[in-house]
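The values are calculated or read from the model by the stated rules, or taken from the named source; none is laboratory data. Since the structure is predicted, the reported quantities are computational estimates derived from the model, not experimental observations. So basically every Cβ, Gly included, is an ideal-geometry build from the backbone, and we count neighbours across all protein chains shown. Please note that ligands, DNA and RNA were not included when accessible areas were found on the heavy atoms of the full protein model with its side chains. Shrake-Rupley method; radii C 1.70, N 1.55, O 1.52, S 1.80 Å.
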Amino acid sequence: MSTRVPRLAWRAGLAATALLSGTWLYADPTFTPAGDYTLVVKVRGVSGTGTLSVSPGSNGFTVSRSSTVGGTSTTLAGTGVLGGRTLRVTFPVTADMASRLDLTPGNGQPKPITATYLFDGKGKFYGRVSNPGKIGGWSSASDTGSKGSTSALTIVRPATGGSFFVGQEVDVVTNPPGATWEAAGPAQRTSAGKLQFTGIGDVNVIAKKGTDKSDPSKLRVVGLEVIEIEVQNSIPMDDASAPQLQRQLGATTLTKKEPAAIYMNQPLSLRVTVQGGGDLAQPFRARLVGTAKDLKLAGDVVLDKLASGQVVVLTSDKPVSQKVAVNSLDLAWTVEAAGKTVPGGPTTNLRVYTSYKAPLQNVNGPSSRFTKLHFEKACTWANGASKNIGNGSDSIGWNTDNYMRHYVHPKDYKKPVEVPEYAPGVPAPLNYGDLSGSWSVSSSGERGVSSLYYPPLEPHKDYEHYENYRMNFGWHVLENPTHVGGRCNQQASLIADIFGTVGIKAGVFYLERTAVGKRTGRPMRNYFYAKGGSGPWNFHGVASGIMEDGNEWLYDGCFSSPPNRLNGVRSWATAPGGPFLEKWGPWYYEDAGGQVPENDIPDKSKWRGIQ
């Protein structure tokens, strides 16, 4: 017969008191704990389920314990010693478990996990588990259960504390099996009997059997947002690094925004980072989709580690543009899965320049760099052209030559500008008020098509002196902080520099004729009269671009005006009576001046430049 403590009630509170005090509540030599038990586990107030198996061993009892709490599974194996109806179990720390601890010299061998289980002799038990090494992030747990199925009504899966994605469907497992369940919050039961999450928020799932109800399995439904975008295979820019867009989860403003440049006829490939309000308890296969007008990007991903962010690579179904252009893409995001589409966070604006080819360093000017402003202007002034041909509405060079213009200072902006043309706080150039197109700037904040500033040959103001402009070559014609503009060859170098930004080879061609005196050896130059009789001029500079077919095409800067600036082949440009050169005039010495006498002019074969 057994000796029983008088009036002992089987309650968790009394059992816990006995375990903590170390009291042997029963002395029962006929009792054996051997068998398989169903566990209800609690760790830090979070419930879970598991199993406990006890079998006789050579030295006491062999005990194995497995549990799942809040999506974390633990499996333990050890030996137990029985005293009365109290089983004390030691679970050694295995090599795999020890690998998760800091076992550097001096820390010692971790203490084993121990458990004390008190049985009632009728197939039920209560126990406490101690984990001094905090393996898996917990230090103690309470176990209750019974042989077969536990009498406690519970939701086994999905376990409380788990996070799930909008649209995700999961199986609901109850204990005991066959109990009904219901959900409260943004969720529904599907026709197949699954739990589907329909919106962001908290969901409570309870099991029901007769009049009994379980504690709720408290779940969280999360969505995702795009928090970072990096354009893949982009053309490097000196002042715009990847990633192009960054924002904090839930923020309405960006922490970083930069444009990107790719080639025309190239699909857009994005490395996108998405983030949500928590890691998912179960992986969820989905497709992230971004759309902007008729452009669609898509990439597959298995969502799970959303709390820290996941990377998805998306590729567009067609090129961004078949033209040299500035493309402002308002990307609307959705997540597609299981035949359903849910929002993927707020729309993001991505600015993408589509260029003809890789940029070329055509000019070594003070501002000759590959910057976002240069791409912004070069792709804007190309005006949607797609071909590197001489002229016409689809000619990159012809459009650029006719649409380029001086910048607008921020003091004249009438609306926000995506890529400002002057740095914050920088004053306008001293000759800003003399630039063409000022009337449109003052009225609309935008400068219309107009000629570039040409420093006067006879200056009347200090800022008009050519000394202020002589270093203006390439983009510096537009970007000299104090004096913008330049003469014919300088404006031609600007055209060449713009061409280089979008990958067209170009330079400056000089319409000139020079020689060395056949008697004196002095340098000399043949001046000419321009069409209409102006002059005499020492030279004229035009931009020389190399077309797709390898031939040269010339573009004028200052001897003609937009929108119909002169352009053509070299033979057309250099012929007397042509667009630039009416006729040749006298020769003049270059060193000390003076007209060259006939007897010092060398033979034509000795001339340099135009013959």
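Structural remarks
- Evaluated against (1) in contact with a helix residue (DSSP H, G or I) (Cβ under 9 Å, 6 or more places away or on another chain); (2) at pLDDT below 95, His409 falls short on exactly one condition, (2).
- Selection of region 405-424 for residues being more than 15 Å from Asn480 (Cα to Cα) and out of contact with any Leu (no Cβ under 7 Å at 6 or more places or on another chain) yields Pro410, Lys411, Asp412, Tyr413, Lys414, Lys415, Pro416, Val417, Glu418, Pro420, Pro424.
- Checked against (1) of a type in the set (A, V, I, L, M, F, W, C); (2) touching an Asp or Glu at 6+ places or on another chain (Cβ under 9 Å); (3) outside any strand (DSSP E or B); (4) surrounded by 15 or more Cβ atoms within 10 Å (Cβ to Cβ), Ala159 meets all criteria but (2).
- Leading residue by the ranking (most open to solvent (accessible area, probe 1.4 Å)) among those in region 225-284 that are polar (S, T, N, Q) and out of contact with any strand residue (DSSP E or B) (no Cβ under 8 Å at 6 or more places or on another chain): Thr252
- The lone exception for Val203 - which of (1) modelled with pLDDT of 95 or more; (2) over 17 Å from Asp279 (Cβ atoms); (3) of a type outside the set (Phe, Trp, Tyr) it fails: (2)
- Among the residues of region 587-610, those identified as open to solvent by 100 Å² or more (accessible area, probe 1.4 Å) and either in contact with a strand residue (DSSP E or B) (Cβ under 7 Å, 6 or more places away or on another chain) or within 17 Å of Phe528 (Cα to Cα) (or both) are Gln595, Glu598, Lys604, Lys606, Arg608.
- Which listed residue, of Tyr454, Tyr463, Tyr407, is under 18 Å from Ala492 (Cα atoms), open to solvent by 30 Å² or more (accessible area, probe 1.4 Å) and either among the hydroxyl-bearing types (Ser, Thr, Tyr) or not in a helix (DSSP H, G or I) (or both): Tyr454
- Evaluating Lys377 against the criteria (1) more than 24 Å from Gly541 (Cα to Cα); (2) under 27 Å from the mean Cα position of the chain (by Cα) leaves one unmet condition, (1).
- Per-region count, region 288-344, residues in contact with a Phe, Trp or Tyr (Cβ under 9 Å, 6 or more places away or on another chain), within 19 Å of Glu225 (Cβ to Cβ) and not in a strand (DSSP E or B): 3
- Yes/no for Ser130 being within 18 Å of Thr72 (Cβ to Cβ) and either touching a residue at least 60 places away in the same chain (Cβ under 8 Å) or among the aromatic types (Phe, Trp, Tyr) (or both): no
- Arg85 meets each of the listed conditions (1) touching an Asp or Glu at 6+ places or on another chain (Cβ under 8 Å); (2) of a type in the set (Lys, Arg); (3) at pLDDT below 85 apart from (3).
- Subset tally (residues that are crowded, with 16+ Cβ neighbours inside 10 Å and either without any contact (Cβ under 8 Å) to a residue 60 or more places away in the chain or farther than 17 Å from Gly123 by Cβ (or both)) for region 51-63: 5
- Any hit, region 493-507, residues being over 23 Å from Ala573 (Cβ atoms) and assigned to a helix (DSSP H, G or I): yes
- Count of residues meeting criterion [open to solvent by less than 20 Å² (accessible area, probe 1.4 Å), over 18 Å from Tyr454 (Cα atoms) and in a helix (DSSP H, G or I)] in region 382-404: 4
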